[in-house]
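Below: one structure, written as structure tokens.
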Amino acid sequence: MGIDAILAIVSLLAPPAIDFVKKKFLKAEEDTPEATMSTLATTKPEVMPEYLKGIAGLLEAKTKYFNRDVCGTPGQWVVNLRAAIRPVGVVLSFLILVGMAYASFKGLKMAEPNVVDGVRYACITVVSSWFGDRLSDDVT
């Protein structure tokens, strides 16, 4: 049970801790397009249209580069499948953990203890890291 608790706590606290360290100790980039537009709006508003065209072109080029391996628009079922992978994994992991708890309360004999432990550890890590990601959204 000690390893279970350690895995759960580390998986739960690692994402918020990493986000906290990033936000507190790594400087955010100050030269952003938004900051430049704000400065231009107050100092030289006449160059804003050309700047916006340039930023739009840069964003379009970055998008094309990012999607360079995608031929056409992916189907909606592909988009939905990619969006569902993690939630389905978390739900299945939670159900496996509930099933294991039920089996242990009933005294049922499961497969090899090493296999059961590995599956349990993986499920604990998946569920805890998902909860940790939910917590990391709230860290400021």
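The values are calculated or read from the model by the stated rules, or taken from the named source; none is laboratory data. Treat the numbers as computed from the prediction; the structure is a model and nothing was measured. Quick reminder, even Gly has a Cβ in these numbers, built from the backbone with ideal geometry, and neighbours come from all protein chains shown.
Please verify whether G89 is touching a Ser or Thr at 6+ places or on another chain (Cβ under 8 Å), small (G, A, S) and closer than 30 Å to L12 by Cβ, treating the condition exactly as stated. Spelling it out, it is not the case that G89 is touching a Ser or Thr at 6+ places or on another chain (Cβ under 8 Å), small (G, A, S) and closer than 30 Å to L12 by Cβ.
Filtered by the rule that a residue be in a helix (DSSP H, G or I), exposed (fewer than 10 other Cβ atoms within 10 Å of the Cβ) and among the acidic types (D, E), the range 16-49 gives E34, E46.
Within the range 17-29, can one find any residue that is over 30 Å from S128 (Cβ atoms) and not basic (K, R)? Yes, the conditions are met somewhere in the range 17-29. Consider the range 86-106 and keep the residues that are closer than 15 Å to R134 by Cβ and aliphatic (A, V, I, L, M). The one that is farthest from the chain's Cα centre (by Cα) is V91.
Looking across the range 50-99, just one residue is exposed (fewer than 10 other Cβ atoms within 10 Å of the Cβ), polar (S, T, N, Q) and not in a helix (DSSP H, G or I), and that is T73. Checking each residue in the range 57-82 for being modelled with pLDDT of 90 or more and small (G, A, S) picks out G57, A61.
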